[in-house]
Amino acid sequence: MRTTYRVLAYLIALEVVVQAAALALAFAGLVHWVDGGGVLDSGVVEGDSDPFPEVIGLIVHGINGGIVVPVLALLLLISSFFARVPRGTVWALVVLGLVVLQVMLGYSLADVPGLGAVHGANALLVFTAAFLAARRARVRRPAADDVAAATADTPV
Amino acid sequence: MRRRLRVLLSTGAALAVLGPLGWFWQDSLLPGTWSVMDMGYTDTGGGAPEAHAHGDGGVDLRTLTADPDRPADVSVTLIARQERFRLASGRTVDGFTLDGTSPGPTIRATVGDLVEVRLVNISVPDGVTIHWHGVDVPGAEDGVAGVTQDAVAQGAEHVYRFVADRPGTYWYHSHQHSAEQVAGGLLGALVVDPSPSPGSAADVLALVHHYGGVATVDGREGDVVVPATPGTRVRVRVVDTDNGPMWVWVGGSPFEVAAVDGTDVHEPSRVRDRALLVAAGGRADLLVTMPEDGSPVRVHLGGRTGVVLSPSGRAPAPVPRPSATVDLLSYGTPAPLGFDPDAPDRRFDYDIDRRPGFLDGRPGLWWTVDGHAYPDGPMFLVSEGDVVRMRIVNTSGERHPMHLHGHHAVVLSRDGVPATGSPWWVDSLDVADGETYEIAFVADNPGVWVDHCHNLPHAEQGLIVHLAYAGVSTPFLIGGPAGNVPE
């Protein structure tokens, strides 16, 4: 379970990287497309087709951010109940909280564009929290105190 | 012992997290087949809570038709296909055609004509229907799969009959898998001419649709050049068939907004350097006066395409969209409404918001109507003859073009500011985020009418409720053997 916890936490950190990359790809594609004479209006935004191939970045960002990352964060929390990572549940809750905040920011930024900046900054907090959580779940070589702890946990 | 307790506690904590999620998930699952009559809860709007027939007794919606003995004045057959086809512009598109083209043939009638349309599905596997957008057709003819008919299966056909009782610009489109089929081109224009024909103005149809992200006017790309005589008036019938609103403005001449959503504007004033927002699904007829000196005029349609009215064939330079707008709330002059909206029989709230949750088991941020996500939203119940007042409040973070079937409503106010111009009759009303509209209409067309967002993917995401008449029932089912999926 400790390994599960660690892998999930690293996956969340990795997802933040994917999210940043996907968004930058989509933005670059948009700039390139506009350079070539493309016009972005609500007909395109609300349309169901892809005006330029890098739109895939936006789709990936939406699916990852809206579903995959929240599910991973939830699984991290559940795994923390079993993983016996020191303060593992607390860190999983921090990650989940930041992810929930991030999703809410993501859905609100069309409304209040300033929240876009917070969304970008909060992404780094998600990354950091997930990374630190993963580090807490490192598998160390058995040392004397670990053996002692394990013995103390043996049912009597 | 400690270990066992620990496992127990951990499992309990996991269940505490997963249990509510699982419950919400299973609670959101939709049955395979259901009647819209059983959806959500009944909102009587302060009127009589009359018995709402649940599929039995009362008036069967199928009997609400035009006079079956009257011969048709306009007869049209539309052949629906799913295929790869060529636009008028030459571009090849994967989508849907009617009679081999998209947009489908323009249906032209004179006011008072009985229009009869035979829809034949040759090769659309999911089935098709035709909804007459903006025409207040009888209850049986509305073309909504699973509500007013079964989707027309491959190899089958269906006949629509209705009297085109109001002159104006309308359009038609599939209301089966509508988000997919409308985007793919299963649509066309319907124009009802007044009688006697005014004859003075030339008439140009400008049906705007995006195919695969490419803006087109009547299937053509870029500027569509139309010959026009200096000094004459040209009526440009703008139809927005897309999911987003469209700004329309005119370079090189003043213009009037002669009609909105198939209803004439009362005493429209002539404006210049102003832009008009046409709602998704909405229409606007612009009356353009050609300059005497023979210079051309460009009607900009959404910034990427337009109609050029030109005596010489020469096109003028594009002009940027003016920041000033035509606000229909104060455009034109007042005229009698024909009813008193201040003495309503029913008042309804249509509050649009969104919240996280599950829709048919899918997690996401879903639209809500009056706090209820699909399919738990309100069913607005009216009786024939009721004056109905509806307040639409949009706090959902996105814009919604709201479309009530079978009726035209008049806008009373926006954000508390009363309407002071011509009566602004709509069937497709663009409600931006944060806006509140008050509208009113007379319940004069018995049936079961959906009232939904015409950004069609939003309807797919649950932004759809319905208006039902007391005593009217529909035998049709969402899902079912016909595979009815109206959104």
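A few comments on the model shown:
- Matching option when the condition is more than 14 Å from chain A (Cβ to nearest Cβ) and crowded, with 22+ Cβ neighbours inside 10 Å, among B:V137, B:V208: B:V137
- Residue selected from region B:392-438 under the condition of a type in the set (A, V, I, L, M, F, W, C) and in a loop (DSSP other than H, G, I, E, B), by the criterion nearest to the other protein chains (Cβ to nearest Cβ): B:A432
- Any hit, region B:411-433, residues being farther than 27 Å from B:S269 by Cβ and surrounded by fewer than 20 Cβ atoms within 10 Å (Cβ to Cβ): yes
- Qualifying positions in region B:401-410 - among the aliphatic types (A, V, I, L, M) and crowded, with 21+ Cβ neighbours inside 10 Å: B:M402, B:L404, B:A409
- Region B:227-247, subset crowded, with 19+ Cβ neighbours inside 10 Å and under 14 Å from B:V308 (Cβ atoms), residue nearest to the other protein chains (Cβ to nearest Cβ): B:V236
- The residues on offer are B:L337, B:L359, B:L309, and the sole one that is over 30 Å from B:D38 (Cα atoms) and buried (at least 18 other Cβ atoms within 10 Å of the Cβ) is B:L309.
- Filtering B:V17, B:V7, B:V59, B:V76 for residues that are within 26 Å of B:T241 (Cα to Cα), out of contact with any Cys (no Cβ under 7 Å at 6 or more places or on another chain) and of a type in the set (V, I, T) leaves a single hit, B:V76.
- Pick from region B:292-341, criterion part of a strand (DSSP E or B) and within 14 Å of chain A (Cβ to nearest Cβ), ranking: nearest to B:V260 (Cα to Cα): B:L301
- From B:D193, B:D165, B:D150, B:D142, residue being among the charged types (D, E, K, R), crowded, with 22+ Cβ neighbours inside 10 Å and either in contact with a helix residue (DSSP H, G or I) (Cβ under 6 Å, 6 or more places away or on another chain) or in contact (Cβ under 8 Å) with a residue 40 or more places away in the chain (or both): B:D142
- Condition check for B:R362: within 14 Å of chain A (Cβ to nearest Cβ) and not aromatic (F, W, Y): yes
- Any hit, region B:29-48, residues being among the small types (G, A, S), out of contact with any Cys (no Cβ under 8 Å at 6 or more places or on another chain), part of a helix (DSSP H, G or I) and more than 12 Å from chain A (Cβ to nearest Cβ): no
- Taking first residues from region B:173-189 that are away from chain A (no Cβ under 11 Å) and partners that are part of a helix (DSSP H, G or I), the Cβ contacts under 8 Å between residues at least 6 apart in sequence or on separate chains come to B:H173/B:Q181; B:H173/B:V182; B:S174/B:Q181; B:S174/B:V182; B:S178/B:L456; B:S178/B:A459.
- The lone exception for A:V100 - which of (1) surrounded by 18 or more Cβ atoms within 10 Å (Cβ to Cβ); (2) within 14 Å of chain B (Cβ to nearest Cβ) it fails: (1)
- Scan region A:109-133 for residues that are farther than 15 Å from A:L72 by Cβ and touching a residue at least 60 places away in the same chain (Cβ under 8 Å) and the total you get is 1.
- Residue check: B:F348 meets all listed conditions (1) exposed (fewer than 13 other Cβ atoms within 10 Å of the Cβ); (2) under 23 Å from the mean Cα position of the chain (by Cα) but one, namely (1).
- Filter result for B:V147 (in contact with a Leu (Cβ under 8 Å, 6 or more places away or on another chain) and either in a strand (DSSP E or B) or not polar (S, T, N, Q) (or both)): no
- Region B:84-103: number of residues that are surrounded by 15 or more Cβ atoms within 10 Å (Cβ to Cβ) and either part of a strand (DSSP E or B) or among the aromatic types (F, W, Y) (or both): 7
- Identity of the residue in region B:207-226, at pLDDT below 90 and part of a loop (DSSP other than H, G, I, E, B), that ends up nearest to B:T101 (Cα to Cα): B:G212
- Here B:D242, B:D203 are screened, and the one residue that is in contact with a strand residue (DSSP E or B) (Cβ under 9 Å, 6 or more places away or on another chain), within 22 Å of B:P105 (Cβ to Cβ) and assigned to a loop (DSSP other than H, G, I, E, B) is B:D242.
- A:R140 assigned to a helix (DSSP H, G or I), among the basic types (K, R) and modelled with pLDDT under 95: no
- Yes/no for A:G106 being in a helix (DSSP H, G or I) and touching a residue at least 40 places away in the same chain (Cβ under 8 Å): yes
- Scanning region B:57-97 for residues that are more than 24 Å from B:A109 (Cα to Cα) and basic (K, R) yields B:R62, B:R81, B:R84, B:R86, B:R91.
- Matching residues, region B:211-222, being of a type outside the set (V, I, T) and within 14 Å of chain A (Cβ to nearest Cβ): B:Y211, B:G212, B:G213, B:A215, B:E221, B:G222
- Filtered residues of region B:269-304 (kept if within 23 Å of B:A432 (Cβ to Cβ), of a type outside the set (K, R) and surrounded by fewer than 24 Cβ atoms within 10 Å (Cβ to Cβ)): B:V271, B:D273, B:A275, B:L276, B:L277, B:H300, B:G303
The values are calculated or read from the model by the stated rules, or taken from the named source; none is laboratory data. What you see is a predicted model, and the numbers here were worked out from it, not measured in a lab. As a convention, Cβ positions derive from the backbone with ideal geometry for all residues, glycine included, and neighbour counts pool all protein chains shown.
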